[in-house]
Amino acid sequence: MGMNLFQSWQIAIPQLVPAVGLSVAFALCAWGLRAVTASAALTGVFLSVIVCLAAGPAALFPILIVFLLTWVTTRIGHRRKERLGTAERSHGRGPLQILANVGVTAICAAPLIFVGHGRNILLAGASAALAEAAGDTVSSELGQAFAGTPRLITSWRRVTPGQDGGISFIGTLFSLFAIAIVCVACEWSNLLVSRFYWTVFAAAFFGTIVDSLLGATLERPDRLGNNAVNFSSTAFSAILAITLLFIQRWH
């Protein structure tokens, strides 16, 4: 066990400088674009460094893809909502929003800084969490902007756009598209093994369903906040992916 820890740190320490450097550069760009607040940028640096130490600097690439997908679609959605008169003033994402979207990915990856056991499965869980975060945001922003009248996932009755728990066919398609892109990015950066692709894809998609269910049952009546819902849905995706892959491994 001690030798494994020593070997892990021998690998991790040389990665610290590029991990911190790339994460800080990324955070400064996001802050400069006013996509995040200063405290959110610092939170993002902390989480990104953890992921990069565990999986290598290339692991920052899928995080960058998630950021670009959410930033672009949020801007598109905001402009559309401005024309509809439903836009709200935004000052960028806060630290709790960053933690809710990327925190589970860092939690899945963190053990790999110390030990290498279960590497592929833990990183698959991290990938599922990232893909779910992207799918949820993209479907929410573009679904509200382009889908017309959504339906509440629990009762299927029509609700106004932006209502917690509301889903639409167009929003779901956008979600699947975003999940696919992030899974490819994770695969390219060696976060995701190719044979795990569809398991992670499915886990991320079911996580977006859980997000809508929590939105309809707990967030609408103010029993749970949006950040807690987002964190829970990313955690569900990661746990589902890890569980399914462990089952596959032992059968």
Which ones in segment 186-213 are crowded, with 23+ Cβ neighbours inside 10 Å and within 30 Å of Pro161 (Cα to Cα)?
Val200, Ala203, Ala204, Gly207, Thr208, Asp211, Ser212
With the first residue restricted to segment 208-222 and required to be touching a residue at least 60 places away in the same chain (Cβ under 8 Å) and over 12 Å from Asp136 (Cα atoms), and the second required to be open to solvent by 20 Å² or more (accessible area, probe 1.4 Å) and among the hydroxyl-bearing types (Ser, Thr, Tyr), Cβ contacts under 6 Å at 6 or more apart or on different chains are Ala216/Thr154
Only one of Asp164, Asp136 is of a type in the set (Asp, Glu), in contact (Cβ under 8 Å) with a residue 12 or more places away in the chain and assigned to a loop (DSSP other than H, G, I, E, B); which?
Asp164
Give the number of residues within segment 38-56 that are β-branched (Val, Ile, Thr), open to solvent by 20 Å² or more (accessible area, probe 1.4 Å) and in contact (Cβ under 8 Å) with a residue 40 or more places away in the chain.
2
Counting just the residues of segment 214-251 that are assigned to a loop (DSSP other than H, G, I, E, B) and not basic (Lys, Arg), which one comes out modelled with the lowest pLDDT?
His251
Determine if segment 168-176 includes at least one residue that is touching a Ser or Thr at 6+ places or on another chain (Cβ under 9 Å), in a loop (DSSP other than H, G, I, E, B) and either open to solvent by 10 Å² or more (accessible area, probe 1.4 Å) or more than 24 Å from Ile63 (Cβ to Cβ) (or both).
yes
Among (1) in a loop (DSSP other than H, G, I, E, B); (2) under 17 Å from Phe236 (Cβ atoms), there is one condition Trp156 misses while meeting the rest; what is its number?
(2)
Test: Ala147 is out of contact with any strand residue (DSSP E or B) (no Cβ under 7 Å at 6 or more places or on another chain), over 29 Å from Gln248 (Cβ atoms) and either among the small types (Gly, Ala, Ser) or at pLDDT 95 or above (or both):
yes
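The values are calculated or read from the model by the stated rules, or taken from the named source; none is laboratory data. All values derive from a computational prediction rather than experimental measurement. All Cβ positions, even for glycine, are placed from backbone atoms using ideal geometry, and neighbour counts span all protein chains on display. Areas reflect the complete protein model, heavy atoms only, side chains present, ligands, DNA and RNA absent. Shrake-Rupley method; radii C 1.70, N 1.55, O 1.52, S 1.80 Å.
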